[in-house]
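The structure appears right after this line, and notes come after that.
Just so you know, all these numbers are worked out from the coordinates, no wet-lab data involved. Just so it is clear, the structure is predicted and the values come from calculations on it, not from any experiment. Here the Cβ positions follow ideal geometry from the backbone for every residue, glycine too, while neighbour counts run over all protein chains shown.
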Amino acid sequence: MRRKAIIGGIISLVFMYLALRKVDYSDLWTTLQGARWSYLIPNIVLVVGVMFIRAWRWQLILRPIARIPFARVYSSTMIGFMANNVLPARLGEIARAVSLGLKTGISRSATLATIIVERIYDSFVLLAFLWLVFSFSQLSTHTEVARIRYLGWIFLCVNVALVLILILLQFRNASVVRFVERVTRKMSPRVQAVSREITEKFARGLRVHHNWPTTVGVAVSSLVIWIIMGFSNYFVFLALGFHLPWEASFVVLVVVSLMISIPSTAGFVGVYHWATQISLQVYGLSPSEAVAVAIVLHAAQYIPITVLGFYHLRREHLRLRTVDGSQPAPEKPAETGAGVRG
């Protein structure tokens, strides 16, 4: 945990330096002082509202493993997103799996597999947005566009590699298990047994693609989530007096969402701000104006999600140290009605 915090802190400091090195702080303060904060109300409503769709999508992905009540999935979703805001290195993904496992008895390995599936859908939708924006935009000659496109190609390659690995795990599971057994054969019997069990449970979390209606539901909900999030960004532009084209909302959305997948400090500080800055400089904003947008956009998402996440953590009678993986917690049997299936 401490090592992750140190590495994440270094990454965040580097990106925060990159974001702030050209900022005129008097211009930054002037921009923030002139903000019309009422425009943040629809932004916050959309950001909070989209969490219900995220939870419903996760419930769909989990359905081949277990039929879990929506309230339970929603609570774990909020806890996970809150944990990403207060813990380094995207430990919120672990927190989601642990909190759901503690309340339902579902294997954390299988739950983590469903979260990876969710992230892959997200990434492909975001990359599609990026391709559409730059295909129909007149900004193709801007110097920052080449950097953003290069970033998109990197994440596309990573996603394709992940998809191939998941396909191998799902459809050639016996071969993967044998490979794991060969790798661990010189280790203790306990390590071999645990490795095999984790591999098999992880593969169970990939069953969503065995049901086409469910797969379509996950894909459509992913599209809806990111369309709503793109529109929510525009209200922050209006709050700060910037009348940018609609496409700017989606460029910020894509670049920020892809960049914060890099492990950094709690709340993606630095990485978030730099990504917002390079996105908005494409549209003529100065470094100071772009950082002002980054600060407000980050705060408008960070504060409500963190507050609601801690509410659900307390409501579930859990502690942050229990769900962040720093303290071992025993797997509990599934609650009545959860419908857990092997």
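Which order do VAL254, VAL23, VAL158 fall in if you start with the one that has the fewest other Cβ atoms within 10 Å?
Details: VAL254 29, VAL23 18, VAL158 14.
Ranked by crowding around the Cβ, least crowded first: VAL158, VAL23, VAL254.
Amide H neighbours of SER264 under 5 Å, counting only residues 5+ apart in sequence or on other chains, H built in-plane at 1.01 Å?
Here ALA89, ARG90 satisfy the definition.
Express in nm, to one decimal, how much length is gained between VAL216 and ALA35 on full extension, taking 0.36 nm for each residue of separation and deducting their alpha carbon distance.
61.1 nm
With labels modelled as points extended 7 Å from the Cα through the Cβ direction, what inter-label distance (nm, one decimal) is found for PHE179 paired with PHE231?
Computed distance between label sites PHE179 and PHE231 equals 4.3 nm.
In what sequence do TRP226, TRP131, TRP56 fall when counting other Cβ within 10 Å, fewest first? Let's see the in-between values first.
On the way: TRP226 21, TRP131 14, TRP56 17.
The fewest-first ordering by Cβ neighbours comes to TRP131, TRP56, TRP226.
For ALA66, what residues show an amide H to amide H distance below 5 Å, using hydrogens built from the backbone and excluding near sequence neighbours?
ARG341
Within the stretch 64-104, which residues have the backbone N less than 20 Å from the label spot 7 Å out from VAL307 along Cα→beta-carbon, could you tell me?
75-87
For labels at ARG21 and LYS4 in the simple 7 Å Cα→Cβ model, what's the distance in nm?
Each label point is offset 7 Å from its Cα along the Cβ direction, giving 3.0 nm.
Ranked by Cβ crowding within 10 angstrom, fewest neighbours first, how are ARG119, ARG321 ordered?
Ascending Cβ contact count within 10 Å gives the list ARG321, ARG119.
Give me the distance in nm between label points sitting 7 Å out from Cα along the Cα-to-Cβ direction at ARG319 and SER261, one decimal.
My value for the distance between the label points is 3.5 nm.
Which ³J(HN,Hα) values in Hz, rounded to whole numbers, follow from the phi angles of the stretch 25-36 under the Karplus curve 6.51 cos²θ - 1.76 cosθ + 1.60, where θ = phi - 60° and Gly and Pro get x?
Using θ = phi - 60°, the values come out as 5, 5, 5, 4, 5, 4, 4, 5, 5, x, 5, 9 Hz.
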